[in-house]
Structure formats: structure tokens, C-alpha cells
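Note sheet for the following structure.
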Amino acid sequence: MWQSPIAPGLSWYQASVGERPEYPAMDGSRKADVAIIGGGYTGLQAAYTLAKAGVSVVLIEGGRFGDGASGRNGGQFGTGQRAYPEEMQAEFGFERAKALFDMAEHAKAYVLDFARNHQIDMEFMPGQLNVEHKRGTENHVRKSVEIFTERFGYPHMSFMDKAETADRLGSTRYYCGTRDVGTGHIHPLKLLVGLARAAKDAGASLFEMTKAQSIRQSGGKTMIETPNGTITADKVLIATNAYIGNLEPVTAAHVMPIRSFIGATVPLDQFPKVIPGSEAVADSRFVVRYFRKTRDGRLLFGGREAYTADSPRDISSHIRRQIAELYPALKDIEMTHAWGGSVGITMNRQPYAREVMPGVISVAGFSGHGVMLSNYCGTLFAKSVLGESSELDLFKDLKIPRFPGGQWLRSPLLVLALSWYALRDRF
């Protein structure tokens, strides 16, 4: 079975996806109207939309499609942007906050429609529970539900008191929460495999195991150097997210990688009280614990983060301990798979979309909220090239600060800051 060179562990997604098509490495130089670096949701959606419109597209991916976050994430849709609507309203005012909220709803509908139209069984399952791990938040959560409903026109959210939270979760460790019946969760790698196939069928030239080494410009064209040739294009999309590395310094200054880890248990046939409605769950910790039931009844649990490029030797033991905190009956549950990957974050957890060089757009930094948004941003980039939509400008206009410290101190300062915030989860 394929072991990703950029992310540790073998995922349950990979084990359960069935046939995973392979695409060739690029052999020789290419010319295209648009070149795309990165074969995750953003890049492949852009390639699909552009190729379908008759634009010549070359897309390269340094690993295999699905090696990055698009094929290894928690699979949760969520609703809206990463921040709550009232937080966005306080920062941007109602009109702009509502536009950003509606954009996320457009993204949700787009992904569901795309999978339906292309007959991709991404194992969509409805429902999301957002739960509070600290006391004293009940009034705030009730008010937030009112704002979702009355101000932002979203009627699918309801408040859960402690008793309902315990019943729907099968755990008494949380104090209250919300239930969202207007969203759900998916098998992310099945969506990615179907998306790559759709992009190929639309006429995009797709290449795996082809790493972008540098980007330069001359004579109004952009050249992307790879080990096996040069891509020359009029326009370029950088869609590498957490894997930008040293390829492009402006993006690297605004988007940083953190490691996140997930474990999968055997099917919980003997534990029917664990998430009996099979919703996805996310809690209120800074280091978010996110978990859900799969179609075949497994518990997929994510909750460990690491702020360096290093990967732990034993992922499953740490994940099992976190599971046991919530579900003591599962303290000895068998873990069949454990894996990790990198998530691209920004300083203020808002997506990053910028023209970083003439004709070169970078889209990244979804900060753990990218299943819907990264897909939608890919098609929005394509529609901006085609002159059909300017909705991506909502992200381009966001003020995303650079991480402090410059090239050499960004990572150490990030480790210190995030570790301090993580400590607050304990108090």
C-alpha cells in the first residue's frame, strides 16, 4: 500500500477508497494557458472548471493526489467561516460578514452538487455537533444560535443543553453545544479521487510526483521549473496550502503548517451510545478535538497537533488516550489506522488569497475549515480567469498579517504562541 512521503501513517481513507488511479509524472516541458501547482481540492477544482471551459491547463502535484490535507482530513463540512457569525460581524460589519457567511453556504451547496452530478459516492452523512468543554458558556451559545437563525438566515442550528449534549454524544464530558442539521461529513479521499477523474475527463493535463522547484517570470510569461521540464503559462495558481515550503516567499510568510493526527477504531457495534446519530463532532478547545462515525460505524478521532515538521512514532496511543477521556468504555478499543498530515493556518485563521506575482494567485490557509472552502475557491479562481465571477475577492480583501519573525524565527515563535494557547484548554 502506498505510503505518502509527505505525511505519516496509513490512513483508513486510503485503505477503504478502493481503486486509486495513478497519474504519470511530467516528462518534458509544457505550455498552457494556466498552470496549477498543487493537486488537492483547490487545484483540481480549478483545473476541472477551466478545462471544461476549453482553457488549456497543466497541473502538477509533488506527491500523489490525496497525499496532502485534501485526502487525509477529518471530513467535516461545518457551516460558515471558521469564525462565528457574530465574530465576523464585529470585525467586518454585518454586510460583509453576511457575504462571507453566504459564500460558505455556496461552497457547501457546490460540493454536494458536484459530487451528485459526477456520481461520486463521498459517503456524505448529515449532522454536526459543536460542543463546549468549559462551564459558563451556555448564554453565549444560546445567543449564537439566535444570531445564526435571525440575523444570518440559517434555520438549521439548535441549542443543546447538557443533558441533550450527553445523549447525542454518548459522553458526559461536555456542558452544552449546538446541533446543525444543515451540514454533514464525508469520506474526503473518495471526493478527491472522483474530482481528479472529472478534471482529467474534462481535458486537464494532470501530473503526479512532479515537484515545483522554482517560479520565475520573463516576457509576460511565468515559468515553473520541475525536475523533468519547464511549464510556461500565462496565469498560475499556487494551491499547495501547508506544503508551500520555500517555493514562494510571500505565501510562506502568511501561511504556516501545523501537524494534525487522526486515528480510526474498529466498528463500534458493541457501543451503540457513542454518537448514536452518527453526526460529526467538534469541540471548543484551541487544539480542537474533532471526531465522527463513519458509514461502517468506526470512530474517526482527531485531536493531537504538533507545531513542528516532526511526526510522533506512535500516533495511535495518544489518540486512544484522548478517546478514553470522553469514552472510558473505549479505553482499550482497537485502533486499525493512525495517520497525520499538515494543515495550513494563517495568523487570524482566515483564508489567504493574493496575487503574489503578476498573474500568479496563491490560495491557502483554510486553517482546518477547508473541505468546502478549498473546493469552492478552486472553482472561484477558475471563474475569475474566465471573467464569470469576482466572489474570490471576498478573500482577497481580507487583511491577513504575516507571521512575525521573518524566515528563520517564524516557526519557533509559532511553536511558543500555539503552545501557550493550547495550555489554556486545561483551565
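The values are calculated or read from the model by the stated rules, or taken from the named source; none is laboratory data. In this text the structure is predicted, and so the values were computed from the model without any measurement. Note: areas computed on protein heavy atoms with side chains; ligands, DNA, RNA excluded. Shrake-Rupley method; radii C 1.70, N 1.55, O 1.52, S 1.80 Å.
Compute the separation of the alpha-carbon centres of region 236-256 and region 120-147 and state it in Å as a whole number.
Region 236-256 and region 120-147 have Cα centres spaced 32 Å from each other.
Could you sort out which of K134/K399; K31/K211; K31/K399; K31/K108; K143/K396 sit more than 23 Å apart by Cα distance in this structure?
K134/K399; K31/K399; K31/K108; K143/K396
Hey, can you list the DSSP H helices of the chain whose Cα span along the axis is 24 Å or longer and whose average Kyte-Doolittle score is at least -1.0?
Going by DSSP H runs, the hits are 94-117, 406-423.
Over region 191-330, with a single point scatterer placed on each C-alpha, what log10 of the ratio I(q)/I(0) does the Debye formula yield at q = 0.14, 0.21 1/Å?
The Cα Debye sum returns log10 ratios of -0.89, -1.25.
Carbon and sulfur: what percent of region 234-374's accessible surface (1.4 Å probe)?
52 percent
Equivalent ellipsoid semi-axes for region 234-279, as square roots of 5 times the alpha carbon gyration tensor eigenvalues: give them largest first, rounded to whole Å.
Working from the Cα gyration tensor, I get semi-axes of 41, 13, 9 Å.
Would you mind calculating the relative contact order of the chain from Cα pairs under 8 angstrom and at least 6 residues apart, reporting the percent as a whole number?
23 percent
Averaged over all directions, how much area does the convex hull of the C-alpha atoms of the chain cover when projected, in nm²?
Spelled out: convex hull of the Cα atoms, projected over all directions, averaged, 19.5 nm².
Using alpha carbon centroids, what distance separates region 374-392 and region 156-220, in Å?
Between the Cα centre of region 374-392 and that of region 156-220, the gap is 18 Å.
Against the globular-protein guess of 2.2 N^0.38 Å, express the Cα radius of gyration of region 1-149 as a ratio, rounded to two decimals.
Computed over Cα atoms of region 1-149, the ratio equals 1.33.
Can you give me the accessible area per residue for region 13-163, using a 1.4 Å probe, in Å²?
On a per-residue basis, region 13-163 sits at 43 Å².
Under the rule a/c < 1.5 gives rounded, and otherwise a/b versus b/c splits prolate from oblate, where does region 75-130 land using the Cα gyration tensor?
oblate
Identify which of Q119, Q76, Q213 has the largest mean-square fluctuation in a Gaussian network model of the chain, with springs joining Cα atoms closer than 10 Å.
Ranking Q119, Q76, Q213 by mean-square fluctuation puts Q119 first.
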